[in-house]
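Colleague: Got a structure here, written out as structure tokens. Questions coming.
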Amino acid sequence: VIEEPPYGCTFSEDDWHILAGYWHPVAYSDEIDDSPYAAKLLDTKLVLYRNNHRSLVAANNQ
């Protein structure tokens with residue numbers, strides 16, 4: 001969980017905190033496999049992939 005806007009964020013801090021409280025799609029499920037998939041959400045760089053159990057993993061890619 002990311003609790004603060006990233007450095008250089010283009011959103012106001014208030015807007016970022018409001019929007020961060022909601023779910024936002026960044027990719028279709030079938031686009032994600034065991035290879036890293038780069039995404040950006042609220043100016044935060046993310047990497048998505050599937051682990052050995054095929055569960056989806058999202059991590060901060062800062």
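What follows draws every value from the coordinates through simple rules; no lab data is involved. Fair warning: this is a prediction, and the values are worked out from it, not measured in the lab. As a convention, Cβ positions derive from the backbone with ideal geometry for all residues, glycine included, and neighbour counts pool all protein chains shown.
Colleague: Within the bounds of region 36-56, is there any residue that is in contact with a helix residue (DSSP H, G or I) (Cβ under 9 Å, 6 or more places away or on another chain), assigned to a loop (DSSP other than H, G, I, E, B), touching a residue at least 12 places away in the same chain (Cβ under 8 Å) and surrounded by 10 or more Cβ atoms within 10 Å (Cβ to Cβ)?
Modeller: Among the residues of region 36-56, at least one is in contact with a helix residue (DSSP H, G or I) (Cβ under 9 Å, 6 or more places away or on another chain), assigned to a loop (DSSP other than H, G, I, E, B), touching a residue at least 12 places away in the same chain (Cβ under 8 Å) and surrounded by 10 or more Cβ atoms within 10 Å (Cβ to Cβ), which makes the answer yes.
Colleague: Right, next: Do you know which of the residues in region 1-35 that are aromatic (Phe, Trp, Tyr) and free of Cβ contacts under 8 Å to residues at least 24 places away in the same chain is nearest to GLN62 (Cα to Cα)?
Modeller: The extreme case among them is TYR7.
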